[in-house]
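Notes to accompany the following structure.
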Amino acid sequence: MTDINRDYCIVPDNFYPVKSLQKYVHMGVVRKYRKGDTISFPGEVLDRVIYVVSGKVSVYFLEDNKQKLMYYACRYCPIDGAFGFKIGLIHVVSEENSTVCFFSKEQLFEIFRQDDEAHLEFLSNFACKCGFFMYVSKEMDLYTPTARVLRMIYELCLTKGKVVDNIYEIDIKLTQKTISEITGVHFVSVCRIFGWLKKEKIVHKTPNKIIIYDLPRLKDMINLNNKH
C-alpha cells in the first residue's frame, strides 16, 4: 500500500512522486523550458496535465491581481489541470531549466487502464496536495503569523531533523521568501522572526540548512504565540 508521509504536508514541493508516468511520456507532448519561462499563462484554460520530467515548476493562483504561490512541482509531480483549474487563474512558471510532458485527459485514462500503479500514484499525489492545503488552511485559522513560522520549523525538525550533540540540523534549502509564501506571513516578518531566533540562540538559518539549538524553547515559543 502507498505510504504518504506527513512531511508532504509541510513543504509544498515534496508531494508523492508519480514515477510510473515516466514510462508513458512518449504518449504525450514533451517540451523544454528555461528558468523563468511561462508554461501556462493566466487566462489560459489548463485542460491538460503537466507532468514534470525534470527540473522544478511553480504554480501560482491569481487573486485580486496578485499572484499567490500554491505549490512547487518537482520531478515526477503532475499539475492536474485536466481535472480542475479550468477557470484560467493559474500561472505555471519554470523555476529552473525544466522538461515537462503534457497529457490529455484521454491519454491519462488510457494509461490508467493499462497501469494500476500509475493510477494509484496519481491519486496519492493528489491526496498529498489536498493534505497540504488542508494543513495550510488550518494553520491560517488557528495560529498567529509568528506561530505559523515557528510551527513550520518545529514540524520540519520532527520529520527531517538530524540530531548531533543535542543540536538539530534540517538539511533543506528553503529561502525566507519561500517560507513567507508557504506560511502566508509577510517576508519582512519572516526575516524579523529569524533574526530574533538567531539573537536568542534558538534557531539559525543558513542558505542550505536550518540549525535548531534549543528545541524545547522553540516549542515554548509556539505555545506563547498561539491564538488560543
Practice task
For residue 127, state whether it is touching a residue at least 24 places away in the same chain (Cβ under 8 Å), assigned to a helix (DSSP H, G or I) and more than 21 Å from residue 218 (Cα to Cα).
Solution key: yes
Completion exercise
Within region 153-187, restricting to residues that are aliphatic (A, V, I, L, M) and over 21 Å from the mean Cα position of the chain (by Cα), the one that is surrounded by the fewest Cβ atoms within 10 Å (Cβ to Cβ) is 164
Handout entry: Qualifying helices (runs of 4 or more DSSP H) (wholly inside region 176-228; at least 3 residues being among the basic types (Lys, Arg))
Key = 187-199
Completion exercise
Exception for residue 217 within (1) surrounded by fewer than 14 Cβ atoms within 10 Å (Cβ to Cβ); (2) modelled with pLDDT of 90 or more; (3) not assigned by TED's automatic domain parsing to the domain that holds residue 67 falls at (1)
Practice task
Could you figure out which of (1) modelled with pLDDT of 90 or more; (2) crowded, with 19+ Cβ neighbours inside 10 Å; (3) under 15 Å from the mean Cα position of the chain (by Cα) isn't true of residue 118?
Solution key: (3)
Practice task
Kindly check whether there is at least one residue in region 178-191 that is more than 23 Å from residue 69 (Cβ to Cβ), in contact with a strand residue (DSSP E or B) (Cβ under 6 Å, 6 or more places away or on another chain), touching a residue at least 12 places away in the same chain (Cβ under 8 Å) and not assigned by TED's automatic domain parsing to the domain that holds residue 67.
Solution key: no
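The values are calculated or read from the model by the stated rules, or taken from the named source; none is laboratory data. Remember, predicted model here, so these are calculated numbers, not experimental data. Counting neighbours? That spans all protein chains shown, and the Cβs are built from the backbone with ideal geometry, glycine included.
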